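Below is one structure; the comments refer to it alone.
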Amino acid sequence: MPVSTAYAPSAGLRLTEHVSRLAEEHPPIQLGSVDFTVKRPREFEARFGHVLDYMARVELEVDRNVLELTTMLPDPPEVDQQFYAVWQPQEIQHGLILDRLQIELGREPADADLDSIGLKLRILGALAHISPFQDVCRMLYYLTGMATERSAVLAYNMLHSGTRDMGETAIAQSVIGQIKRQEPGHFVFYQLSARALWAELAAWQRWMVRFMRKASFAPVGANNPRQKADFGDVMSTLGITEEIDDFAGQISRVEKELLWARHRGLKVPDYVARAFHEAVDLARDRAHLPHLHR
């Protein structure tokens, strides 16, 4: 079977070194290192409980993400496999810590979907055995990873500020602070990978990536209307709804640079902005007409 497009030697070395640093400098956070002290649990739960639940679910679903990756990318580069081995345990611990916090606040544990793989991904997995198409799938994976991790970086920064403003210093420093320090390194991996692979793709592969990205983009963890509304609620709580387009622009900056370089003046890809506005609209509709969303 033909091998997928390889990175240039310099790019591959840079990625390998980056993954090694992630493993060395950011081991998975141990539960025993976390201080779950909350001074005002009722107020904190009322304000941020649903945010913790959403983030915990997304982090805990990393096990399903790995299943999706092995389906969609049957022959990934070795450095990608090395990254999975570092990234997965880090993210699992993020989820366990956030879930433990919300349980401490009296909430139900996150309802994470750990084993379902959609039909679209199965179809992609079948096509990905054709080497040139696997490169398309890999590029989509890197783009999704960039958007996911950049969303996480921004959201954790906002949650950290909000938690600190409430005077919940233990949670701000020991929970959110520890987690948010690990997310930027994940984003860097996806960004480096995306830049390296994009430079190697043929024109038809780039066209296919653009087409499929427009058709498949969704906010992180939002796989159905209910989850999209949940994401809209998270955006509202964190203050993102007041600056949606700026948030969308930060999420998609590298994606716009790579995929849409010829579209001068484009601030945000339309499918990215539309997805975030849709999430906010769904959350508002649910708040006004809850009987339609049971």
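The values are calculated or read from the model by the stated rules, or taken from the named source; none is laboratory data. Predicted model, so just to flag it, every value in this text is computed and none were measured. Glycine also receives a Cβ, built like all others from the backbone with ideal geometry; neighbour counts cover every protein chain displayed.
Does at least one position in the range 123-141 carry a residue that is among the aromatic types (F, W, Y), at pLDDT 95 or above, within 13 Å of the chain's Cα centre (by Cα) and at negative phi? No, the range 123-141 has no match at all.
When Y7 is evaluated against the numbered criteria (1) at pLDDT below 80; (2) aromatic (F, W, Y); (3) over 24 Å from E200 (Cβ atoms), which criterion, by number, is the only one it fails? Looking at each condition in turn, Y7 falls short on (3). Yes or no: the range 44-55 includes at least one residue that is over 23 Å from the mean Cα position of the chain (by Cα), surrounded by 13 or more Cβ atoms within 10 Å (Cβ to Cβ) and modelled with pLDDT of 95 or more. Yes, because at least one residue in the range 44-55 is over 23 Å from the mean Cα position of the chain (by Cα), surrounded by 13 or more Cβ atoms within 10 Å (Cβ to Cβ) and modelled with pLDDT of 95 or more. Restricting the range 22-39 to residues that are hydrophobic (A, V, I, L, M, F, W, C) and either modelled with pLDDT of 95 or more or not in a helix (DSSP H, G or I) (or both), the residue that is nearest to E91 (Cα to Cα) is I29.
Note on the range 231-257: among residues that are surrounded by 22 or more Cβ atoms within 10 Å (Cβ to Cβ) and in contact with a Phe, Trp or Tyr (Cβ under 6 Å, 6 or more places away or on another chain), the one that is farthest from A283 (Cα to Cα) is A248. Being among the hydrophobic types (A, V, I, L, M, F, W, C) and either surrounded by fewer than 20 Cβ atoms within 10 Å (Cβ to Cβ) or not in a helix (DSSP H, G or I) (or both) holds for only one residue in V58, V66, and it is V66. Restricting Q90, Q81 to residues that are in contact with a Leu (Cβ under 9 Å, 6 or more places away or on another chain) and assigned to a helix (DSSP H, G or I) narrows the list to Q90.
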